[in-house]
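See structure below.
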Amino acid sequence: MKIDKVLFNGKIYTSVQETPWAEALAISGRKIAFAGSNEEARAVADADTEMIDLEGKTILPGFLDGHTHPTTVAKTFYRVRMPLTHDKDELLANIQKYAKQYPKEERPFLFCENYFAETFGPKGPRKEELDQIVSDRPARIQDFTDHACWFNSMALEMLKDENGIPHSKSPVGEAQFVKDENGEYTGWCLEGGPEGDLGIYDAIGWYPPDTPDEEMIKPLLDFFKANGVMCMLDGFTEGGEAMKLFSELDQAGKLGMYYEGASHAGTIHDLEEAIKNVRQWQAKYGTERVHINTVKMFVDGTNELGDCLALEPFKNDPEGKNCGHANLYKADLVKAMVRLNEEAIDLHLHIICDGAFRNVVDALEEARKICGHGWKIRVTGAHCELTHPHDRERAAELGLYIDWSTHWSGGYFGEAAQEFHGIDRWNTMYDFREFTAAGGNLGFSSDVFSYQEAVRANPFFGIQAAMTRVDPVFPLDPKKYPGSARPPEGAKYTLEELIKGYTINNAARLRLDDKMGSLEPGKLANFMVLNRDIFTTSAEQMSAVTAECTYFEGEKRCITSSLSVSRE
């Protein structure tokens, strides 16, 4: 075997349980030929081998982002990105500023990102406040959760049908336009996706780019690659054109990472179409690095908006009966799992609250009994923000995979969920200790939806948030939360747990553990050389860790990114 490169004299974390550390790596072509001591690595080199002295620098395996939205981010290229602020007056001033900066002739539809859900309280924002700022054209301001938005009156009128009822759709389904006590639409819309704004586009004769191209997606891909991300699962692939884009980039040698797609099914009735898409897109656009074998479904919505399914009645329900709702209940989940198992297609589920989580765990138990020894698919629960400890242990025993977006750990979604769940239940969220203690596979991700928040996809930013429970940009009020740390205190993660989740755990879930996730012979030479020793860096400084350079399939690359954090 010809050894092309030897990197020696390093502090190399392999993510291999039996041999977690090495001093040197030997690379043959695209793969690792050896990981071990300096002396052993030198012994396999010859006169033509490139010898690279790491001078004590730390190496980590390439990261895998277990749930993100690259094409969704790319399609926000045209939106106005505002600085995030919790102050309502400052938010309104920012909208006014950008409305002047981008006149109607340039932006016939003013689409701005973002505002915090708690800024307007449980009744949400009003169209009248937005009308005072933007009245010359339709305007939409996006909630930072991406599960709600705020329209001005002109936009709202353009979305109404002949019966005066506004319509919009999202991957979750039909949007809910909120009414006030007089039955008037307020301008606040829950689960209204941008793709549902067709009435506005038709009215003004302008349409945003609905098919991302290389220019639109390159800043995000560069950001991922610059921060050591070498594979990502798309939370849901937005059509065959998205698969085509990644396929063409890969074939042109411009992708430089692995892409795993997911076909969306809104209801159980959409499942066959989603399966058909998986088969067709894989056959037409699949490459060595671009692949799809997953169906994505939404079980419930969000805790912040109360469109979730809880085990206990919402605190703001005076009758004490409202536990919310789900898009999918146990019976349909069992049908989906059994059907997908027949096709050997994996299932990725958006799960938010404990009622939805229990439905999934119960369904998984029943589906596995039905399939018996023929069980072969991998079912992932993404988010799982509020779960019962007993169900977390059951989930691990049943083989459910959980995906957690690390940068949420410090309370990025604020306190809006307290309106529905109360402070005591809010204090128990984002906790997977029983799951991991029972041997469950916990992987990590970013789940970014727009260029507004894309910088939060930096894994080291997420690692800091998960180790400290403090958001590096938007910490919670220290007067209410000691040290600005989001409860519960015991749910902090160690660095080793986080690296494992970003590497070998995600690789196993995505069925890529024969190619990546650890640095050992036979696997791809995908790794990053860090600017500092991450193992001696304090938890509060993790976001300062960067990749000096990365190696993808044995080739060194130094990529810079223009994306930066938007601060309050």
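The values are calculated or read from the model by the stated rules, or taken from the named source; none is laboratory data. Everything numeric in this text was worked out from a predicted model, so none of it was measured. Heads up, the Cβs are rebuilt from the backbone with ideal geometry, glycines too, and the neighbour counts pull from every protein chain shown.
Mind listing just one residue for me: the one in segment 105-144 that is among the polar types (S, T, N, Q) and crowded, with 22+ Cβ neighbours inside 10 Å and, of those, modelled with the lowest pLDDT?
Only one residue fits best here, namely 114.
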Name the residue, out of 233, 221, 156, that is in contact with a Gly (Cβ under 8 Å, 6 or more places away or on another chain), at pLDDT 85 or above and not assigned by TED's automatic domain parsing to the domain that holds residue 268. 156
Please tell me if residue 346 is more than 24 Å from residue 293 (Cα to Cα) and either touching a Lys or Arg at 6+ places or on another chain (Cβ under 9 Å) or not assigned by TED's automatic domain parsing to the domain that holds residue 392 (or both). no
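Could you tell me which of the residues 26, 41 is in contact (Cβ under 8 Å) with a residue 12 or more places away in the chain, buried (at least 18 other Cβ atoms within 10 Å of the Cβ) and either under 35 Å from the mean Cα position of the chain (by Cα) or on the phi > 0 side of the Ramachandran plot (or both)?
One residue alone meets the criteria, 26.
I'm checking my understanding of the structure. Among residues of segment 95-104 that are surrounded by 16 or more Cβ atoms within 10 Å (Cβ to Cβ) and not aromatic (Phe, Trp, Tyr), which one is farthest from the chain's Cα centre (by Cα)?
Going through the qualifying residues, I end up with 99.
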Here are some residues: 188, 206. Which one is over 24 Å from the mean Cα position of the chain (by Cα), touching a residue at least 60 places away in the same chain (Cβ under 8 Å) and assigned to a loop (DSSP other than H, G, I, E, B)? 206
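Applying the selection to segment 32-49, what residues are among the aliphatic types (A, V, I, L, M) and modelled with pLDDT of 95 or more?
Those that are among the aliphatic types (A, V, I, L, M) and modelled with pLDDT of 95 or more: 32, 33, 35.
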Residue tally, condition buried (at least 21 other Cβ atoms within 10 Å of the Cβ) and part of a helix (DSSP H, G or I), over segment 73-94: 3
Given the conditions (1) more than 18 Å from residue 69 (Cα to Cα); (2) out of contact with any Asp or Glu (no Cβ under 6 Å at 6 or more places or on another chain), report the number of the one that residue 287 does not fulfil. (2)
Could you say whether any residue in segment 153-165 is over 19 Å from residue 416 (Cα atoms), surrounded by fewer than 19 Cβ atoms within 10 Å (Cβ to Cβ) and touching a Lys or Arg at 6+ places or on another chain (Cβ under 7 Å)? yes
Kindly check whether there is at least one residue in segment 534-546 that is modelled with pLDDT of 95 or more and closer than 18 Å to residue 255 by Cβ. no
Kindly check whether there is at least one residue in segment 276-283 that is closer than 22 Å to residue 258 by Cβ, aliphatic (A, V, I, L, M) and more than 25 Å from the chain's Cα centre (by Cα). yes
Please pick out the residue among 304, 319 that is assigned to a loop (DSSP other than H, G, I, E, B), touching a residue at least 24 places away in the same chain (Cβ under 8 Å) and not assigned by TED's automatic domain parsing to the domain that holds residue 188. 304
Is segment 253-267 home to any residue that is free of Cβ contacts under 8 Å to residues at least 60 places away in the same chain, over 18 Å from residue 62 (Cβ atoms) and assigned to a helix (DSSP H, G or I)? no
With surrounded by fewer than 19 Cβ atoms within 10 Å (Cβ to Cβ), modelled with pLDDT of 95 or more and in a loop (DSSP other than H, G, I, E, B) as the only criterion, which of 410, 422, 439 stands out? 439
Among what's in segment 326-357 and is more than 23 Å from the chain's Cα centre (by Cα) and part of a loop (DSSP other than H, G, I, E, B), pick the residue that is farthest from residue 233 (Cα to Cα). 329
